[in-house]
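K.L.:
Below is the structure I would like to discuss, written out as structure tokens.
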Amino acid sequence: MSAPLVQAIQARLRKARYVDLSTPFRVAGVEFAFTGAMRGIEGRALDLILLVDTTTGDFGDRDGLRVRQRVEALSRALDVTASRFVVTVILAGAVLAEGIEALSETCRVLQVEGVALDDQGIPADAAAALQLDDRIRVLLPLTLPAAAGGTTDGAGPAMEQLIRALPAGTDKELLEAAMSASIDGEQAVTDAVASVIMRTLQQDTGETQP
């Protein structure tokens, strides 16, 4: 059974619409075993997440060199199959001293440690939940909190505050489209921005969309 920290990470990623993959799994005829594996859906469908439990050390996960060799072998197998997966390795627990710097040249590496969990294996309080989110922020949807109502300093919703902080020439329609789409991942943002640009070009040239 995985360490509580690994389970907490998996639970948080499921809330962010990642799904579990069976492990071990095969790529290019080679079997790969990890403590856990997950992938995104829709806009994050190309995200492949590997969880390495450096606390229990399953699959040699306390040995940085072995972890690096396994991930590099997977990367080569993905290349053979022309896969477009973007690999992220989450190291849950103690920092591995050997081989991890080189591993970051192959994939994205995130370190999660020191998160306080309660007896049910979930973050003990709001500060612990925020700490966990901060460690894996790059994998989570971008959200902007609403500002408190009734302020007297002119501060409005977070989106309006962001727009006011940007240079005067910033295209607000483009910004709003990108921010709205960000919750669905990189591809959704790309599509939204492309749509705004295309619409602007068509307006400038007098063309109409089909």
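K.L.:
Which of the residues that make up the stretch 46-65 are touching a residue at least 12 places away in the same chain (Cβ under 8 Å), more than 17 Å from ILE9 (Cα to Cα) and surrounded by fewer than 20 Cβ atoms within 10 Å (Cβ to Cβ)?
P.N.:
LEU46, PHE59, ARG62, ASP63, LEU65
K.L.:
Take the residues in the stretch 1-26 that are outside any helix (DSSP H, G or I) and of a type in the set (A, V, I, L, M), then tell me which one is nearest to ILE122 (Cα to Cα).
P.N.:
Here the residue is ALA3.
K.L.:
If I ask for residues that are in contact with a strand residue (DSSP E or B) (Cβ under 9 Å, 6 or more places away or on another chain) and either assigned to a loop (DSSP other than H, G, I, E, B) or outside the structural domain of ASP79 (by TED's automatic domain parsing) (or both), which ones from the stretch 91-103 would you list?
P.N.:
GLY93, VAL95, LEU96
K.L.:
Please count how many residues of the stretch 115-135 are part of a loop (DSSP other than H, G, I, E, B) and farther than 19 Å from THR35 by Cα.
P.N.:
Residues flagged as part of a loop (DSSP other than H, G, I, E, B) and farther than 19 Å from THR35 by Cα within the stretch 115-135 amount to 6.
K.L.:
Do the conditions hold for THR56, that is, is it in the same structural domain as ALA97 (by TED's automatic domain parsing), out of contact with any strand residue (DSSP E or B) (no Cβ under 6 Å at 6 or more places or on another chain) and outside any helix (DSSP H, G or I)?
P.N.:
Against the criterion (in the same structural domain as ALA97 (by TED's automatic domain parsing), out of contact with any strand residue (DSSP E or B) (no Cβ under 6 Å at 6 or more places or on another chain) and outside any helix (DSSP H, G or I)), THR56 qualifies.
K.L.:
Further, regarding this structure: Starting from the stretch 9-32, take each residue that is on the phi > 0 side of the Ramachandran plot and list its partners that are among the aromatic types (Phe, Trp, Tyr), counting only C-beta distances under 7 angstrom and pairs at least six apart or across chains.
P.N.:
Close Cβ pairs satisfying both conditions: none exist.
K.L.:
State which residue pairs qualify: first residue outside any helix (DSSP H, G or I) and of a type in the set (Phe, Trp, Tyr) and inside the stretch 185-198, second residue crowded, with 16+ Cβ neighbours inside 10 Å and at pLDDT below 80 in any location, beta carbons under 8 Å apart, and separation of 6 or more residues or different chains.
P.N.:
none
K.L.:
Let me ask you something else. Looking for whichever is modelled with pLDDT under 95 and closer than 28 Å to ALA97 by Cβ here; the options are ARG44, ARG17, ARG66. Which one fits?
P.N.:
Sole residue among the options that is modelled with pLDDT under 95 and closer than 28 Å to ALA97 by Cβ: ARG66.
K.L.:
Take ALA77 and tell me if it is over 21 Å from the mean Cα position of the chain (by Cα) and of a type in the set (A, V, I, L, M).
P.N.:
So ALA77 passes the test.
K.L.:
Of the residues ALA37, ALA82, which single one is without any contact (Cβ under 8 Å) to a residue 12 or more places away in the chain, outside any helix (DSSP H, G or I) and of a type in the set (Gly, Ala, Ser)?
P.N.:
Residue meeting the stated conditions: ALA82.
The values are calculated or read from the model by the stated rules, or taken from the named source; none is laboratory data. What you see is a predicted model, and the numbers here were worked out from it, not measured in a lab. Heads up, the Cβs are rebuilt from the backbone with ideal geometry, glycines too, and the neighbour counts pull from every protein chain shown.
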